[in-house]
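A.B. asks: Below are the structure tokens for one structure; questions will follow.
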């Protein structure tokens, strides 16, 4: 029964992972109108689905990067297996809830934050609460890039910088090269440039991120004794995860797409091509070189870079600042939620504890969804001018803020800052 | 802080690969667009009206050649995604990429 809750929660996380990250691949294509919004999310959803099925490699040891609840083969630690694995299941459940709640909260305020970091944060928090500080793999064992520092913190700092440099360089050169060419050549060419590179990012996202949830669910199945093979993943887990991430992607996190495509900087097709190919190249190169980076951080960095590289373009640093702030607090915030959930589940105990944790998640999700309804961002208004609608989803603005009022309170567009 | 060293080592490699592929290929793509535009000739406006430009086949051919290089780069990316999904990785040992088990 607890297992069923964990599986449902993991799929829910996979779903939020999908719609949270649609923006990474498609925000630029949508903002430059290379693809219509609905077409873009449908394309990205299908590619995520294909990507999820392409990954036959088992990502069972995904939690090993940050916490010590599994051994090297992927089997759960023996001491967590008492009472049908309920110790491990509660940690995983609480961690997933932490990740989901943080994903929804950042979506509500329209900020792209890393779903993997939210998941890791939730797991770290739940592990600290359940096993103490020693249960967390803080710094690895020194043989390779590992642990919270090596797998989460350092890549988070470095990836936006790398992506921004690549995209800024690309944008600057592209503008040099295409300067003075008739628009009929550049518009059509860069439209395809964007679609191609965005598709690569979507596919890579499907193979990487769906795998994480597959690994977590399989871990839970092993802990409860319903699965024993650490080399393979049950087919239904694979199908369910692929569908969850694809559906989430198709739903489209319009608030985040809007922030990334319109809020950070105003992009044209050439910039979109540079940003998205920069992102695709950095994501693929980093996973080839064993230095996996967060898709979200890379995509955001490259959009920012394309704003820096285009002569005369302005970056809205206030928006960028809010994003960086969200990244910094993702890990601790998701961790706190994860830890709180573990304590609640633990104090109530047993099945009842897990049910209460699950119900808290449902309540929080419904509350945030209702809150989002008061100020909807959808396929219809995702491309509205950023400065003309300062009441668009921005942290701290109340739903009933009237346009005129918020136009006064909103800091002036940072056109002069560049 | 051994992690810090590993991270910096990984970071500069990713940066170089990112610049070559992520900025280099789009620039080739842009050059391709430029060649196509040059190959199509430039229309000029003068007193006798609009004159269509003369076509330059060389520019068109060069443009498509550059696009082909870019497509090859994209295919390399695709190969990598599929290969790593199946537990393989790309090896650049022989300069040209080959698929080897991880």
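A.B. asks: Determine which single condition residue A:4 fails, assuming it passes every other condition in (1) touching a helix residue (DSSP H, G or I) at 6+ places or on another chain (Cβ under 9 Å); (2) modelled with pLDDT of 90 or more.
C.D. replies: (1)
A.B. asks: Does residue A:145 qualify as being surrounded by fewer than 24 Cβ atoms within 10 Å (Cβ to Cβ), part of a helix (DSSP H, G or I), more than 18 Å from the chain's Cα centre (by Cα) and within 8 Å of chain B (Cβ to nearest Cβ)?
C.D. replies: No.
A.B. asks: Only one of B:37, B:30, B:7, B:23 is over 18 Å from the mean Cα position of the chain (by Cα), at pLDDT 85 or above and within 8 Å of chain A (Cβ to nearest Cβ). Can you tell me which?
C.D. replies: When all the criteria are applied, what remains is B:37.
To keep it simple, each residue is scored yes or no on (1) closer than 14 Å to residue A:284 by Cβ; (2) within 13 Å of another protein chain (Cβ to nearest Cβ); (3) in a helix (DSSP H, G or I).
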site: B:64; (1), (2), (3): no, yes, yes
site: B:68; (1), (2), (3): no, no, yes
site: B:75; (1), (2), (3): yes, yes, yes
site: B:82; (1), (2), (3): yes, yes, yes
site: B:90; (1), (2), (3): yes, yes, no
site: B:93; (1), (2), (3): no, no, no
site: B:96; (1), (2), (3): no, no, no
site: B:99; (1), (2), (3): no, yes, no
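A.B. asks: Filter region A:213-236 down to the residues that are surrounded by fewer than 22 Cβ atoms within 10 Å (Cβ to Cβ), assigned to a helix (DSSP H, G or I) and out of contact with any strand residue (DSSP E or B) (no Cβ under 9 Å at 6 or more places or on another chain), then identify the one that is farthest from the other protein chains (Cβ to nearest Cβ).
C.D. replies: Looking at residues that are surrounded by fewer than 22 Cβ atoms within 10 Å (Cβ to Cβ), assigned to a helix (DSSP H, G or I) and out of contact with any strand residue (DSSP E or B) (no Cβ under 9 Å at 6 or more places or on another chain), I get A:221.
A.B. asks: Select from region A:115-142 the residues that are closer than 23 Å to residue A:220 by Cα and assigned to a loop (DSSP other than H, G, I, E, B) and write down the one among them that is farthest from the chain's Cα centre (by Cα).
C.D. replies: Within region A:115-142, the match that is farthest from the chain's Cα centre (by Cα) is A:132.
A.B. asks: Whether any residue in region A:135-156 is at pLDDT 85 or above and under 27 Å from residue A:49 (Cα atoms) is what I want to check.
C.D. replies: Scanning region A:135-156 turns up no residue that is at pLDDT 85 or above and under 27 Å from residue A:49 (Cα atoms).
A.B. asks: From the list A:289, A:284, which residue is under 22 Å from residue B:25 (Cα atoms), buried (at least 22 other Cβ atoms within 10 Å of the Cβ), within 12 Å of chain B (Cβ to nearest Cβ) and modelled with pLDDT under 90?
C.D. replies: Going through A:289, A:284 in turn, just one is under 22 Å from residue B:25 (Cα atoms), buried (at least 22 other Cβ atoms within 10 Å of the Cβ), within 12 Å of chain B (Cβ to nearest Cβ) and modelled with pLDDT under 90: A:284.
A.B. asks: Look at region B:57-77 and say how many of its residues are touching a helix residue (DSSP H, G or I) at 6+ places or on another chain (Cβ under 7 Å) and surrounded by 12 or more Cβ atoms within 10 Å (Cβ to Cβ).
C.D. replies: Summing the residues that are touching a helix residue (DSSP H, G or I) at 6+ places or on another chain (Cβ under 7 Å) and surrounded by 12 or more Cβ atoms within 10 Å (Cβ to Cβ) in region B:57-77 gives 11.
The values are calculated or read from the model by the stated rules, or taken from the named source; none is laboratory data. Note that the coordinates shown come from a computational prediction; the quantities given were computed from them, not determined experimentally. Note that each Cβ is placed from the backbone with ideal geometry, even for glycine, and that neighbours are counted across all protein chains shown.
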